[in-house]
Amino acid sequence: MKSSRALLIFTAVLTILPSCRNPQQSADGSPASSEVRRAESADGRSLFLAPRGFNLPSGNATLTDTARLLAGLPALGSRDYFSSVRTSPEWQNHQSRMDELWSNFEWRHRAPIDTWAGSEISDIRGSHGLFYPFSGPDFLFAHTFFPGADTIILCGLEPCEPLPPLHVITPQETAAGLGGLVTSVSSVMQFSFFITKDMRRDLVSTRFRGVLPLILAFMARTGHQIESVELVSLDASGSPVINPSGSGLMIRAYGPNGAFRRVFYFRQDLSDGSLNPGSPILRFASSLGQPPAFVKSASYLMHEGGFSVIRNYLLTQCRAIVQDPSGIPFRDVRASGMKLRLYGNYTGTLEMFSEHNQPDLIEAYARRDYGAQPLSFGVGYMYNPERTCLMVLRR
């Protein structure tokens, strides 16, 4: 960006007040924004340009309502900022479809995962940070496995793009946009993973483009109230900075228990050609204090030689890893020296990934090594509970 607007790129590191964990409520029921200490620019101009750039409202109550609109939920409180949209047949059909998907997700995934995680990874689950490489916009399972993480780092190759102005787009554009949103979220809500090729097509085919609508919809469905949405980038030290031309997102919100959390999404190539041990994304993850990592439905990329940097980072710098077989190869897991527990079962992978079958992992399950225990839910590509495999590594 070579225009005068480039002068508006600010480098203010964000500071969160401890009192954010118990926010006061404003008159309309939304968290009081005064609980967040805002960064300030040198010339007094606002740093928070992203809501305008994203066609989002600037108030936290209407940000929350925007997220709820995308999620197929009614307005929170007595005032509906998008009543003209919610009364349309297109949105009411969207609400019905999202309600059905959410009901399916609740019994198929959320409830059994919550029970398992509360018993088996309660120590990891209590971490304040979470690093979720190869996630795309999958806030949903990050929150399901790690509901207590107050800083979540998501990354993928999908873009961050603005929403259309919701008050003025046509009913036809609304219907197409909401339909594309449902198509994008349906596979992850039913089977726990995005179909990457289809998602990338869906995320550019309507006015509801990029990862932002998906993340906001997931956050609303999981009971979050949105405080702010900003465009960000990472400086050389790995600090997130407000940047109106950045390729990342920072969403600040209050969770269902009132705790403050930040959700970051970075468009980041994690191959060795774009990543080195000192890359900003890895510095930022390390700043969270050796956070646990979550890896699911990662296309077996770390089984290949071109992803050694991210593989080595996870094994040496994260204090714990929860992953399915598409993450770090079992041979490297065993060689890492980390304490390992196996859950579920593994008899091989999908035919399309047959070159990444792991005979040593099949043998480990056959011998019931590493305390292998069954799972009552499916997750990852092998989403049938009888074939789902999870590995839990602790340093």
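Residue-by-condition table, conditions (1) hydrophobic (A, V, I, L, M, F, W, C); (2) buried (at least 19 other Cβ atoms within 10 Å of the Cβ):
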residue	(1), (2)
310	yes, yes
316	no, no
319	no, no
332	no, no
341	no, no
380	no, yes
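Taking every residue in region 92-115 that is over 18 Å from residue 182 (Cα atoms) and in contact (Cβ under 8 Å) with a residue 24 or more places away in the chain and pairing it with any residue that is loosely packed, with under 15 Cβ neighbours inside 10 Å and polar (S, T, N, Q), at least 6 positions away or on another chain, the pairs with Cβ-Cβ distances below 7 Å are 112/376.
All told, residue 106 falls short of being of a type in the set (D, E, K, R) and in contact with a Leu (Cβ under 7 Å, 6 or more places away or on another chain). Mind listing just one residue for me: the one in region 145-157 that is surrounded by 22 or more Cβ atoms within 10 Å (Cβ to Cβ) and in contact with a helix residue (DSSP H, G or I) (Cβ under 8 Å, 6 or more places away or on another chain) and, of those, nearest to residue 323 (Cα to Cα)? Among them, the one singled out is 145. Put simply, of 193, 145 the only residue that is at pLDDT 95 or above and closer than 29 Å to residue 307 by Cα is 145. Residues that are touching a Cys at 6+ places or on another chain (Cβ under 7 Å) and in a loop (DSSP other than H, G, I, E, B) within region 341-395 comprise 345, 346, 382, listed in sequence order. Candidates are the residues of region 85-115 that are surrounded by fewer than 14 Cβ atoms within 10 Å (Cβ to Cβ) and polar (S, T, N, Q); the one that is nearest to residue 145 (Cα to Cα) is 115. Does residue 284 satisfy the condition of being in a strand (DSSP E or B), under 25 Å from residue 239 (Cβ atoms) and under 20 Å from the mean Cα position of the chain (by Cα)? For residue 284, the condition - in a strand (DSSP E or B), under 25 Å from residue 239 (Cβ atoms) and under 20 Å from the mean Cα position of the chain (by Cα) - is not met. Does residue 241 satisfy being closer than 20 Å to residue 136 by Cα, in contact (Cβ under 8 Å) with a residue 24 or more places away in the chain and among the β-branched types (Val, Ile, Thr)? In short, no. Among the criteria (1) of a type outside the set (Lys, Arg); (2) farther than 22 Å from residue 127 by Cα; (3) under 24 Å from the mean Cα position of the chain (by Cα); (4) assigned to a helix (DSSP H, G or I), the one residue 316 does not fulfil is (2). Any residue in region 243-250 that is of a type outside the set (Val, Ile, Thr), in contact with a helix residue (DSSP H, G or I) (Cβ under 9 Å, 6 or more places away or on another chain) and in a helix (DSSP H, G or I)? For region 243-250, residues of a type outside the set (Val, Ile, Thr), in contact with a helix residue (DSSP H, G or I) (Cβ under 9 Å, 6 or more places away or on another chain) and in a helix (DSSP H, G or I): absent. Annotation: residue 130 fulfils all but one of (1) within 30 Å of residue 246 (Cα to Cα); (2) over 21 Å from the mean Cα position of the chain (by Cα); (3) at pLDDT 90 or above; (4) not charged (D, E, K, R); the unmet one is (2).
Taking the criterion of being assigned to a helix (DSSP H, G or I) and under 16 Å from the mean Cα position of the chain (by Cα), the only residue of region 252-281 that qualifies is 281. Residues that are free of Cβ contacts under 8 Å to residues at least 24 places away in the same chain and assigned to a loop (DSSP other than H, G, I, E, B) within region 287-313 comprise just one, 304.
The values are calculated or read from the model by the stated rules, or taken from the named source; none is laboratory data. What you are looking at is a predicted structure, and each value in this text was computed from that prediction instead of being measured. All Cβ positions, glycine included, derive from the backbone under ideal geometry; neighbour counts span all protein chains shown.
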